[in-house]
Protein chains: 2
Amino acid sequence: MSQLLRVQNFTVSRDGFGAGEGRSLEKPFGHADPGALMSWAGATASWPNRTDPGGSRGLDDYLTRDFHRNIGAEIMGRGKFGPQEGSWEDHEWQGWWGDEPPFHTPVFVMTHHTRPSFTLSDTTFHFVDADPATVLDRAKEAARGKDVRLGGGATIIRAFLEADLVDTLHVAVSEVELGSGVPFWKSPDELFDRFHRDVVPSPRGGVTHHLFWRK
Amino acid sequence: MSQLLRVQNFTVSRDGFGAGEGRSLEKPFGHADPGALMSWAGATASWPNRTDPGGSRGLDDYLTRDFHRNIGAEIMGRGKFGPQEGSWEDHEWQGWWGDEPPFHTPVFVMTHHTRPSFTLSDTTFHFVDADPATVLDRAKEAARGKDVRLGGGATIIRAFLEADLVDTLHVAVSEVELGSGVPFWKSPDELFDRFHRDVVPSPRGGVTHHLFWRK
């Protein structure tokens, strides 16, 4: 089977924003509360950032536990890696995730401002100034036959959709409204020409899962 | 995390039977048509017995592709292994699955009529005459830290539920009615005292998924 490019556990507000306005070191999601937006995922047993035991093992957990399955690399935007813009003043910032990032694979950060690769635990971050198709080629090579996760944010996912490079998407639509922020879509039907879709409301409430795969 | 005992993709009729009556070499599910009962699974991209490419990658596929995730061994009843009853006349029968069984792990077949272990591709079948707790101990040891799949049929799953050894269950309730056969439950509410449950109708139709996990 060929290598897929997969969007997983990508959560947007009811009005289609992937993050709020005014993102900063203190507010990675801007005026959006990531705890509220991601509460569906945080309640599951398999959420990669979970720190305490327990958690649900129902439908939502099937979605969070698929995060790592057969993934060999991740692609993310610079906005997901950190709040800085423009040239790097230094290389002290190594992402939000501390010494044990939850990726456990090579990660390709798309940015016009490259810097040397570095490794934290079993995750290596590479910085690439290239178009989506070129970055995907590099990520697929690094993934050694496994799939590639497209980690977001919204802007990067839109760029890969525009280049028609995405094979499957799981978009979780939260009940939270943001009013403004980083736009992902106006409506899911923007994808209907190229993708099949299943819509599944979480039995636990708070979120509706949209599962897309190529026609 | 401790090793779980998981029931996965176990499909029952709307009236609660895991297989029909009159099982034989020609009719592994008796008067039940396995193609109709399992059509929800056969339509997915990740169904282990799939022979042609394609298939859906929506909700039902999340369920079928979890079949192998973190599984290190399977336990099954003799009725799943083959249609014979009583002592083995010979050891020619090696299961329904040909030279490439879809398990890829040790498999423990529970039976009062043991026979020597044998290996087909990367699956080794062991035959064990013991109670559920003892078989589970052996399977967990063979699984080397991974979870154990409880593969069915209905009678074996009921025995492990009775011994309170099951951690999670995915039971797919088909719209097919059988009228008679091997009983699994009269109603899902038999499990409510010990398990949480999510109920998720497949967006593709034909089946409703019941996902249970321990309270």
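The values are calculated or read from the model by the stated rules, or taken from the named source; none is laboratory data. Predicted model, so just to flag it, every value in this text is computed and none were measured. Every residue, glycine among them, receives a Cβ derived from its backbone with ideal geometry; neighbour counts consider all protein chains shown. The area values use the complete protein model at the heavy-atom level, side chains included, leaving out ligands, DNA and RNA. Shrake-Rupley method; radii C 1.70, N 1.55, O 1.52, S 1.80 Å.
When chain A is described by a simple charge dipole with +1 on each Lys and Arg Cβ and -1 on each Asp and Glu Cβ, the residue from A:I156, A:S117, A:G205 located farthest towards its positive end is A:G205. Measuring from a point 7 Å out along Cα→Cβ, what nm distances, shortest first, does A:R50 have to its partners in the other copies? Those separations, rounded to one decimal, come out as 2.7 nm.
Across peptide B:68-81, how many C-beta atoms of other chains are within 10 Å of each residue C-beta, on average?
Mean inter-chain Cβ contacts per residue within 10 Å come to 1.
Sequentially through segment B:46-58, phi angles give Karplus couplings (6.51, -1.76, 1.60; θ = phi - 60°) of 9, 4, x, 8, 5, 10, 9, x, x, x, 6, 10, x Hz, Gly and Pro residues having no value and appearing as x.
Ranked by the mean number of other Cβ atoms within 10 Å of their residues, highest first, the peptides B:73-80, B:21-28 come out as B:73-80, B:21-28. When both bridge partners sit in the protein assembly as shown, DSSP labels roughly 50% of those beta bridges antiparallel.
Ignoring ligands, DNA and RNA, what percent of the 1.4 Å accessible area of segment B:69-181 is carbon and sulfur? The nonpolar share, carbon plus sulfur, comes to 44 percent. For segment A:141-158, 3J(HN,Hα) computed residue by residue from phi via the Karplus equation (6.51, -1.76, 1.60; θ = phi - 60°) reads 4, 5, 7, 6, x, 7, 6, 10, 8, 9, x, x, x, 4, 5, 5, 5, 4 Hz, glycine and proline entered as x. Calculated accessible area for chain B comes out at 45 Å² per residue, all protein chains present (probe 1.4 Å; ligands, DNA, RNA ignored). Residue by residue, segment B:194-206 carries 3J(HN,Hα) couplings of 10, 10, 6, 9, 10, 10, 9, x, 5, x, 7, x, x Hz when phi is fed to the Karplus relation 6.51 cos²θ - 1.76 cosθ + 1.60 (θ = phi - 60°); x denotes Gly or Pro.
Here is how far apart the A:H31 label points are across copies: 6.6 nm, shortest first, using a point 7 Å from Cα toward Cβ. Take A:S180, move 7 Å from Cα toward the beta carbon, and the resulting point lies 7.1 nm from the same point in each other copy, nearest first.
Taking amide H as placed 1.01 Å from N in the peptide plane, A:N9 has its amide H under 5 Å from the amide H of A:H170, each at least 5 places away in sequence or on another chain. Summed over both chains, the contact between A and B buries some 2100 Å² of accessible surface at a probe radius of 1.4 Å.
The listed residues B:D164, A:D33, once ranked by accessible area (1.4 Å probe) with the largest placed first, stand as A:D33, B:D164. Charging the Cβ of each Asp and Glu at -1 and of each Lys and Arg at +1, and nothing else, the dipole of chain B about its Cα centre rounds to 620 debye. Rounded to the nearest 20 debye, the dipole magnitude of the protein assembly as shown is 40 debye, with +1 charges on Lys and Arg beta carbons, -1 on Asp and Glu beta carbons, and the Cα centre as origin. Partner shielding of B:52-63 amounts to 5, given as the average count of beta-carbon atoms from other chains within 10 Å of each residue beta-carbon.
Our summary gives segment A:54-173 a relative contact order of 31 percent, counting only alpha carbon pairs under 8 angstrom and 6 or more residues apart. Taking 19 Å as the cut-off, the amide N atoms of segment B:31-59 that come nearer than this to a point 7 Å along the Cα-to-beta-carbon line of B:E100 belong to B:42-55.
Going by Cα centres, segment B:145-194 and segment A:104-174 are how many Å apart? Segment B:145-194 and segment A:104-174 have Cα centres separated by 41 Å.
Set the Förster radius R0 to 22 Å, insert the Cβ-Cβ distance between A:K146 and A:D189 as r into 1/(1 + (r/R0)^6), and round the FRET efficiency to 0.05. The calculated FRET efficiency here is 0.10.
Comparing each chain alone with all protein chains together (probe 1.4 Å, DNA, RNA and ligands left out), the residues of segment B:174-215 losing at least 30 Å² of accessible area are B:D198, B:V200, B:P203, B:R204, B:L211, B:W213.
Expressed to the nearest 5 percent, the antiparallel share of DSSP beta bridges inside chain B is 50 percent.
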